[in-house]
Amino acid sequence: MIEITDDITSRVLIRNYRKSDYDETLSMMEEMSEVFSFYFDKDKWNESAGLRLFQPGYSRTTLVAELDGKLVAMGFIELTTNTPDGLNIGYLSNWGVKSEYRGSGVGKALADKAIAMLTAMGADLIRIKIATTPDPEKMLKMVESIGFEPRYITVEKKVDKEAMKPPSDS
């Protein structure tokens, strides 16, 4: 693990995702899906590659963090305005920091930039989904340290699309 120092956080470059980041971000998502036991579909990640690119006028993008020219963290930000109460809700998702950089301050630098961007985009609230494994209490403490408070519990079920298909008439 890399030690937290002011020097490290001052050397972190936060920028928009580029097509050339594909392999590194794919590797991070695969690692994170194993560590945090969430479903990850490599084919869907490939199909949605265009959504990660910055597009003027859109309310979503993927940010990456570089340290000394090496991609070490990533996170997707999105602002939605289609809530029934009319609030602009910002979301942080697909957040990942390479294992050797966790706890170094890189993830916090990325989160601070994402929060600033969503605020500038007009967010009234910002939400983060937290994986329930391996250590949700640690993750919760981490996000609470940057001003987030628990508000909801979300549950998830992976849909078996094959089971949903009607039987064929053979």
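Using 0.36 nm per residue, how much length does the chain from SER10 to THR80 gain when fully extended, once their Cα-Cα distance is taken away?
Gain on stretching SER10 to THR80: 22.1 nm.
Evaluating 6.51 cos²θ - 1.76 cosθ + 1.60 at θ = phi - 60° for every residue in segment 20-30, the Karplus couplings come out as 5, 8, 3, 4, 5, 6, 4, 4, 5, 5, 5 Hz, glycine and proline recorded as x.
Among THR154, THR9, sorting on how many other beta-carbon atoms sit within 10 Å of each Cβ, with the fewest leading, yields THR154, THR9. Taking the fewest neighbouring Cβ atoms within 10 Å as the starting point, the ordered list for THR61, THR25 is THR61, THR25. With contacts taken as Cα pairs under 8 Å and at least 6 residues apart, segment 6-164 reaches a relative contact order of 22 percent. With springs connecting C-alpha atoms under 10 Å apart, model the chain as a Gaussian network and identify which of LYS157, LYS141, LYS129 has the largest mean-square fluctuation. Checking each option, the largest mean-square fluctuation is seen for LYS157. Only the Cβ atoms of Lys and Arg (+1) and of Asp and Glu (-1) were treated as charged; on that basis the dipole of the chain about its Cα centre amounts to roughly 320 debye. Note on the chain: GNM, Cα springs under 10 Å; of VAL72, VAL155, VAL97, the largest mean-square fluctuation is that of VAL155.
Using a simple spin-label model with pseudo-atoms 7 Å out from Cα toward Cβ, MET164 and LEU140 lie 3.1 nm apart.
Each residue of segment 68-76 is assigned a 3J(HN,Hα), and the resulting list reads 6, x, 10, 6, 10, 7, 8, x, 9 Hz, derived from the Karplus form 6.51 cos²θ - 1.76 cosθ + 1.60 (θ = phi - 60°), x at Gly and Pro. What residues qualify as long-range amide H neighbours of TRP95, i.e. H under 5 Å apart, gap of 5 or more or another chain, H built at 1.01 Å from N? Close amide H contacts, sequence-distant or interchain: PHE76. So, how do all the Cα-to-Cα distances of segment 55-170 break down into 10 Å bins, in percent, from 0 on up? Once binned at 10 Å, the Cα pair distances of segment 55-170 give 11, 37, 30, 14, 6, 2, 0.
Put simply, the amide H of GLY105, placed in the peptide plane, has no neighbours under 5 Å, leaving out anything fewer than 5 places away on its chain.
Just so you know, all these numbers are worked out from the coordinates, no wet-lab data involved. Values in this document were obtained by computation on a predicted structure and should not be read as measured data. Cβ atoms come from the backbone with ideal geometry, glycine included; neighbour counts cover every protein chain shown.
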